[in-house]
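The values are calculated or read from the model by the stated rules, or taken from the named source; none is laboratory data. Keep in mind that what you see is a predicted model, and the values were worked out from it rather than measured. In this analysis, Cβ positions are derived from the backbone assuming ideal geometry, glycine residues included, and neighbour counts consider all displayed protein chains.
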Amino acid sequence: MNETNKKTGSTWIATIGFGLISLIILFPIIGLLISSFRPSSDLMRDGITFSIDFSSLNIDNYLYIFQEAGSYWSWYGNSLVISALTIVLSLFFSSMVGYALAMYDFKGRNLFFVLVLLILMIPFEILMLPLYQMMVGAQLIDSYFAVILPLIVAPVAVFFFRQYATGLPKALMDAARIDGSTEYGIYFKIMLPLMGPSLAAMAILQGLGSWNNFLWPLLVLRSNDMFTLPIGLATLLTPYGNNYDVLIAGSVLTIIPIVILFIFFQRYFVAGLTSGGVKG
Amino acid sequence: MKKSLLILLLGVLAVVLAACGGGGDDASGEAEEVEVIGEDLEDATELTFWTFVGQHVDLYSDAAERWNEENPDKPIKLVAETYPFEQMHNNLLLAIQSGQGGPDMVDIELGQFPNYLQGDIQLEPMNEYVEPVLDNAVTSRFENYAKDGNYYALPTHVGATVMFYNTEIMDEAGVDIDSINTWDDFVEAGKQVVENTDSVMWNVGTEDWLMDMWPMISQQDSDAFDENGELILDNQTNIDTLQFLQDVIYEHEIAEVAPGGMNQSEEFYGYFSDDGAASILAPLWYMSRFLDSMPDMEGKIAIRPMPAWEEGGKRSAGMGGTGTAVTNQAEDTELAKEFLAYAKLSEEGNTNLWTVLGFDPPRWDTWESEEVQADNKYYDFFGDGIFDMLLEVRDDINTLHFTENTPEVISEFHTNVTQETIRSNTSTPEEALKKAADAVRAEME
Amino acid sequence: MSSPAQETDAMVRDKQPNKLMSILNSKKVVPYIFVTPFILSFVILTLYPAIHGVIMSFQKILPGQVEWVAFRNYERVFNPNFYKALSNTTIYVVLTVVILTLIPMLLAILLNSKAVKFKTFFRASIFIPALTSTIVGGMIFRLMFSEADSSVANQIVHLLGFDSVDWRYNAWSAMFLMVILASWRWIGVNVLYFLAQLQSISSELYEAADIDGANAWQKLRYITIPHLKPITIFVSTITIINGFRMFEESFVFWETSSPGNIGLTVVSYIYQQGIGQNDMGFGSAIGVVLMLIIFVISLINLIATGTFKRGDE
């Protein structure tokens, strides 16, 4: 009796504790959400504040963004297209590599894996100036391609897929070979579906990386109608323009779709991370 | 799993479609960061224009409309894009380095300009248009953008630095602003303001030295570099001037650090509108900031020359500035140059600099013209007599000296010097300026 | 993605014996085909730029004029601004590694225990900040930590009885802003990593410990924490590397120049010099130095954690 009381007691304490932690962590986003209904110049002057004049709340910022701010929506479109392409291409290439590393014995496999780890350690920022020169040479500046190219083969994803595929049953491969499947058929028809959860997890991580990517697109994108959301929104952080309406409401609208996607796929995401595990 | 991938793709698609559906027409917005003029004209040559001050676009869109009426044989389609200061200059450098992706015309801030004069210069000389008008203009403003006898950009204004006084506060404090002739007078008046009102006299910025340090040394014939390109940032005049700026805050206690770090920030506009301070030192073009961001101040602001360092000393300096240049990446450089000169350098263009943007035009032969003297919103806001005052201080304006290291000086000043002397009072002005000068000298080799 | 898939489908259906096909389908060749895209992209997008970057670091690069300057750029690297950038970055790395390893570990252990209800909700809400970009997150923090008296941060500071703080202008608060922004965004991700590892610990271990009469603390000390070692190495390594390449957290508060360089990081120094000051050669030299630093630190990290001894499996 005493034991169970103690148990429910600590359950409540822990749950309330986590409630508080969640509240603190979500506070900035809630603050932004509420503030997005405030007149934007007030917001810039006072910051996000506890003392809100609720009578001044209105939806002008959103009306403006839906009716006037044409370029905001082209940034949105660019971000969506770039993220979608990055997810599809990087998942395709990285899963192939990770799978091959896990499932086949071949000469140079270990060397190759070390190479992946090595690339993982080179910060992209160091390559950025020469890469930029390359994009100039290839006449790719100001194109989707320039943004996506360096993201296609992601060493983190290769690493992750390799860990995940190691846990897949090799017996299935042999069975399929006996049935006359080609190696490619085995990969696409049998193994890829089995890697589903890990694909979902990496899709979210890669999508996030691309959706929020900043420095590289900042370098290679030039014209306003090619900007992605982070670049476009950063252009609004200027004291010389009066674009704060778009900035605040626009920021809220960048978070919403990705939160919805996350909630929708949360189950796969956690399952993917969990079953992959990272076995040092 | 295939199914959920399909759902993911469908979801993405749905959002794309929603986004496309949501996009309205974009030609109308007042605060739009892209503005297009002449979209409906056939065979129009497209001219892209980058700026970091949204207001400047008005001048060119105005000019583009007139141009298309007057020149139906060579119509233009102007695409004007506004970016934050650093981003625009960095992007322009990248574009110029790489020879692609740049605009046809671009606003370049004076302090950044030397960056674009290195290597093979990628801007087009404008001599054929500039030379004929030099005799009637404040030439120092054109020299700022010249190298080896070539004029690479057209100035936007004289940038005569003046004092904006809040007359309500001054009256409450019992100060007659016409009696403030020297900086000593200014300090005395400041003490009266602090004593009799809830406001301070003035603000020193930390991220915008052309609102205090630079005009105040220029007015004493000093600068960061001398006419031979030698670094004189740490000379005695400059040390004394910085000492003065430190003293108004920490010794006389008549000023405080500008909210937001500079007087061109949203924080500052709110602060000044609430009577936080009694005066602003700024070039005349600061008028447009009042109209746009502090409209409540109408009728309360008086404009006077800067205080001098001694009786009879210089009472202004030409500050800030934006040179508009044509890049060699323009589709039709001749057309771009012709349009730029039309928009900015012609008599009408110069008049528009005043009527549209509230800038003191570089060509003084327009200052007394009818159009310039005619009523407009700036006279309504600040009273008449702006140009009388300008004519009075016209000869006080010194040429500024630039080298390829000017951007480094400015960067050192904003990051280190103001931090140590103005914001935190941890270094003496002499130490801070010597340190900054040494850092820049190391760069100069 | 669909077209190669269809191709292979076609190949499967095609039962005609085909010599080329059988070579392409041999188990010796297939893995190389699978890794070819990676090799190609490595050569084009990593190896070549890395070499080119080293070459650029010996040059002075201006529009239309490239000049060989030998070690001139490297002589200039070791200046006070670089040291400032390096020390800011190092402090940032140390703080984020400590915060982003310990707190997520603790939260994950608690979340994994049976005591907490609504786990899914908490897990999701801790993760949500990771979904915002640094730009958006940074803007929120800029507004919350605005220097105005009315900002949330300053209102709290007032409650505690202190004066308003100019958050973006003091060295300590600048570091605080960058660290708290990064922590806020990354805690949820790291909690998930730790949770994943925790769920892979066999429950039999705990049952056995129960039989031996171990208390909660002993179970934590002797079962949970040792099993978290691999993921801890992974998380801390990623955090170190991300810390050294930090740029956006600084950019969003100050763009590229901060008062007294309180927000200057090594990468923002590369950006500031390489692009802002039009000096790509110098920027590349800083990049090469940073690359060497990261290699040394990663090496130390890997040796210290014994990764090499275990081989690659």
Query raised in the report: Restricting to the range A:43-74, what's the tally of residues that are charged (D, E, K, R) and under 19 Å from C:R142 (Cα atoms)?
Result: 2
Requested in this report: Please determine, by comparing only the residues of the range C:209-247 that are part of a helix (DSSP H, G or I) and among the charged types (D, E, K, R), which one is nearest to A:W216 (Cα to Cα).
Outcome: C:K229
Query raised in the report: Does at least one position in the range A:179-188 carry a residue that is crowded, with 22+ Cβ neighbours inside 10 Å, of a type outside the set (S, T, Y), under 22 Å from the mean Cα position of the chain (by Cα) and part of a helix (DSSP H, G or I)?
Result: no
Query raised in the report: Hey, any hits in the range A:73-88 for a residue that's among the aliphatic types (A, V, I, L, M), within 14 Å of chain B (Cβ to nearest Cβ), free of Cβ contacts under 8 Å to residues at least 60 places away in the same chain and under 23 Å from C:T36 (Cβ atoms)?
Result: yes
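Residues are listed down the side, and each one gets a yes or a no for (1) modelled with pLDDT under 80; (2) touching a strand residue (DSSP E or B) at 6+ places or on another chain (Cβ under 9 Å); (3) outside any helix (DSSP H, G or I); (4) farther than 28 Å from A:F145 by Cβ:
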residue	(1), (2), (3), (4)
A:A175	no, no, no, yes
A:P197	yes, no, no, yes
A:G207	no, no, no, no
A:W211	no, no, no, no
A:P217	no, no, no, no
A:L233	no, no, no, no
A:L237	yes, no, yes, no
A:S251	no, no, no, no
A:Q266	yes, no, no, yes
Report summary line: A:T166 fails exactly one of (1) surrounded by fewer than 24 Cβ atoms within 10 Å (Cβ to Cβ); (2) within 13 Å of chain B (Cβ to nearest Cβ); (3) among the hydroxyl-bearing types (S, T, Y), namely (2)
Report task. Using the structure shown, decide if B:D212 is among the acidic types (D, E), assigned by TED's automatic domain parsing to the domain that holds B:D292, within 29 Å of B:M297 (Cβ to Cβ) and surrounded by 20 or more Cβ atoms within 10 Å (Cβ to Cβ). Result -> yes
Query raised in the report: If you go through the range C:256-275 one residue at a time, do you hit one that is within 8 Å of chain A (Cβ to nearest Cβ), part of a helix (DSSP H, G or I), under 25 Å from B:I96 (Cβ atoms) and polar (S, T, N, Q)?
Result: no
Query raised in the report: If you go through the range A:53-62 one residue at a time, do you hit one that is at the interface with another protein chain (Cβ under 7 Å from one of its Cβ atoms), in contact (Cβ under 8 Å) with a residue 24 or more places away in the chain, under 19 Å from A:T235 (Cβ atoms) and not hydroxyl-bearing (S, T, Y)?
Result: no
Query - Of all residues making up the range B:245-272, the number that are touching a residue at least 12 places away in the same chain (Cβ under 8 Å) and either touching a Ser or Thr at 6+ places or on another chain (Cβ under 8 Å) or outside the structural domain of B:R423 (by TED's automatic domain parsing) (or both) - result: 9
Query raised in the report: From C:S298, C:S284, which residue is among the hydroxyl-bearing types (S, T, Y), surrounded by fewer than 24 Cβ atoms within 10 Å (Cβ to Cβ) and facing another protein chain (nearest Cβ under 7 Å)?
Result: C:S298
Report summary line: Residue set B:T322, B:T333; condition in contact (Cβ under 8 Å) with a residue 60 or more places away in the chain, touching a Ser or Thr at 6+ places or on another chain (Cβ under 6 Å) and within 19 Å of B:A153 (Cβ to Cβ); output residue B:T322
Query raised in the report: Within the range C:57-101, how many residues turn out to be within 11 Å of another protein chain (Cβ to nearest Cβ), in contact with a strand residue (DSSP E or B) (Cβ under 9 Å, 6 or more places away or on another chain) and part of a helix (DSSP H, G or I)?
Result: 1
**Report entry** Residue among B:E368, B:E334, B:E404 that is closer than 30 Å to B:N228 by Cα and either part of a loop (DSSP other than H, G, I, E, B) or over 17 Å from the mean Cα position of the chain (by Cα) (or both)
**Finding:** B:E404
Query raised in the report: If only one of B:I76, B:I108, B:I96 is in contact with a Phe, Trp or Tyr (Cβ under 7 Å, 6 or more places away or on another chain), facing another protein chain (nearest Cβ under 8 Å) and touching a residue at least 60 places away in the same chain (Cβ under 8 Å), which one is it?
Result: B:I96
Query raised in the report: Looking at this structure, is C:F118 facing chain A (nearest Cβ under 8 Å), surrounded by fewer than 20 Cβ atoms within 10 Å (Cβ to Cβ) and not small (G, A, S)?
Result: yes
Query raised in the report: In the range A:105-138, what residues are in contact (Cβ under 8 Å) with a residue 24 or more places away in the chain and among the β-branched types (V, I, T)?
Result: A:V116, A:I119
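Conditions tested, residue by residue: (1) assigned to a loop (DSSP other than H, G, I, E, B); (2) facing chain A (nearest Cβ under 7 Å); (3) buried (at least 18 other Cβ atoms within 10 Å of the Cβ).
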| position | (1), (2), (3) |
| --- | --- |
| C:K114 | yes, no, no |
| C:S125 | no, yes, yes |
| C:I128 | no, yes, yes |
| C:N154 | no, no, yes |
| C:M175 | no, no, no |
| C:V179 | no, no, yes |
| C:I187 | no, no, yes |
| C:Q197 | no, yes, yes |
| C:E207 | no, no, no |
Query raised in the report: Do we have C:G137 as assigned by TED's automatic domain parsing to the domain that holds C:L228, small (G, A, S), surrounded by fewer than 17 Cβ atoms within 10 Å (Cβ to Cβ) and at pLDDT 85 or above here?
Result: no
**Report entry** Selection status of B:Q219, in the same structural domain as B:A308 (by TED's automatic domain parsing) and within 21 Å of the chain's Cα centre (by Cα)
**Finding:** yes
Query raised in the report: Would it be correct to say that B:M444 is surrounded by fewer than 20 Cβ atoms within 10 Å (Cβ to Cβ) and away from chain C (no Cβ under 14 Å)?
Result: no
